[in-house]
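Here's the structure we're looking at; comments come further down.
Only the coordinates and a few stated rules stand behind these numbers; no lab work does. Since the model is a prediction, treat every value here as computed from it, not as a measurement. Positions of Cβ are generated from backbone atoms using ideal geometry, with glycine treated the same way; all protein chains shown enter the neighbour counts.
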Amino acid sequence: NAGVTQTPKFQVLKTGQSMTLQCAQDMNHNSMYWYRQDPGMGLRLIYYSASEGTTDKGEVPNGYNVSRLNKREFSLRLESAAPSQTSVYFCASSDTGGPVSEQFFGPGTRLTVL
Amino acid sequence: QKEVEQDPGPLSVPEGAIVSLNCTYSNSAFQYFMWYRQYSRKGPELLMYTYSSGNKEDGRFTAQVDKSSKYISLFIRDSQPSDSATYLCAMSDGYGNKLVFGAGTILRVKS
């Protein structure tokens, strides 16, 4: 099992460009998440999907959109990138067997917006 | 004020030392407490998970929760260079499986 995979690993964008970050999990989890990690800020939730077909905003959703393509895949789109979106982006997934389940994280995408 | 406060460090200790990592929080609804470990340029991995107040031990690691003080701790005994990583506390009120993370503490264990 690969767990949670993310593509690309690295990306450099110019201000105003768009891109989609891809995430897939092979653990048959219902819930998937997108976080960003900035120095001194920890992990902040951008969007999450409790189950296939549903998505909800997290703490910092502005400037992002998501698509839960199917149970395995959850993508994050930046429509018009800004330097403030320079960050490391992590995708995670979890089962929903209890009130709070372990989240499994991917290796991250390092994004720089010039 | 952030919901979860965590000293970012770095914390540098000699091999074999006892390490204490801490977080404070403001939301009294938090009931589920986790510690994640993140190695450099990797994703976080769950290390410890506790519910409500009390202690939980797993090998060299002990997680402690004091809900009355809104304070959680992670103790590492006999620390090893392989423990060098960033340690993130995370907590939840149990609704929606959403976690609130601390900023993470960078730990360096010197051999």
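Just to be sure before I move on: is residue A:94 surrounded by fewer than 19 Cβ atoms within 10 Å (Cβ to Cβ) and not aromatic (Phe, Trp, Tyr) in the structure I sent?
On the way: surrounded by fewer than 19 Cβ atoms within 10 Å (Cβ to Cβ): no; not aromatic (Phe, Trp, Tyr): yes.
Answer is no for this residue.
Taking residue B:42 as the residue in question, decide whether it is more than 14 Å from chain A (Cβ to nearest Cβ) and within 19 Å of residue A:103 (Cβ to Cβ).
Spelling it out, it is not the case that residue B:42 is more than 14 Å from chain A (Cβ to nearest Cβ) and within 19 Å of residue A:103 (Cβ to Cβ).
Can you work out which of the residues in the range A:80-91 that are farther than 16 Å from residue A:45 by Cβ and surrounded by fewer than 21 Cβ atoms within 10 Å (Cβ to Cβ) is farthest from the other protein chains (Cβ to nearest Cβ)? Show your work before the answer.
Of all residues in the range A:80-91, those farther than 16 Å from residue A:45 by Cβ come to A:80-84, A:86.
Among the residues that remain, those that are also surrounded by fewer than 21 Cβ atoms within 10 Å (Cβ to Cβ) are: A:80, A:82-84, A:86.
Numbers: A:80: 27, A:82: 23, A:83: 21, A:84: 18, A:86: 16 Å.
The residue in question is A:80.
Restricting attention to the range B:80-111, and to residues there that are part of a loop (DSSP other than H, G, I, E, B) and under 17 Å from residue B:7 (Cβ atoms), which single residue is farthest from the other protein chains (Cβ to nearest Cβ)?
At the first step, the residues of the range B:80-111 found to be part of a loop (DSSP other than H, G, I, E, B) are B:80, B:84, B:93-99, B:102-104, B:111.
Still in the running and under 17 Å from residue B:7 (Cβ atoms): B:84, B:102-104.
Details: B:84: 18, B:102: 5, B:103: 4, B:104: 6 Å.
Checking each candidate, the answer is B:84.
Select from the range B:48-66 the residues that are in contact with an Asp or Glu (Cβ under 8 Å, 6 or more places away or on another chain) and within 13 Å of chain A (Cβ to nearest Cβ) and write down the one among them that is surrounded by the fewest Cβ atoms within 10 Å (Cβ to Cβ).
B:49
In the range B:1-41, which residues are surrounded by 15 or more Cβ atoms within 10 Å (Cβ to Cβ) and closer than 14 Å to residue A:43 by Cα?
Of everything in the range B:1-41, those that are surrounded by 15 or more Cβ atoms within 10 Å (Cβ to Cβ) and closer than 14 Å to residue A:43 by Cα turn out to be B:4, B:5, B:6, B:8, B:34, B:35, B:36, B:37, B:38.
Which residue, of A:68, A:110, A:77, A:44, is facing chain B (nearest Cβ under 8 Å) and surrounded by fewer than 22 Cβ atoms within 10 Å (Cβ to Cβ)?
Details: A:68 fails: facing chain B (nearest Cβ under 8 Å); A:110 fails: facing chain B (nearest Cβ under 8 Å); A:77 fails: facing chain B (nearest Cβ under 8 Å).
Of the residues listed, the single one that is facing chain B (nearest Cβ under 8 Å) and surrounded by fewer than 22 Cβ atoms within 10 Å (Cβ to Cβ) is A:44.
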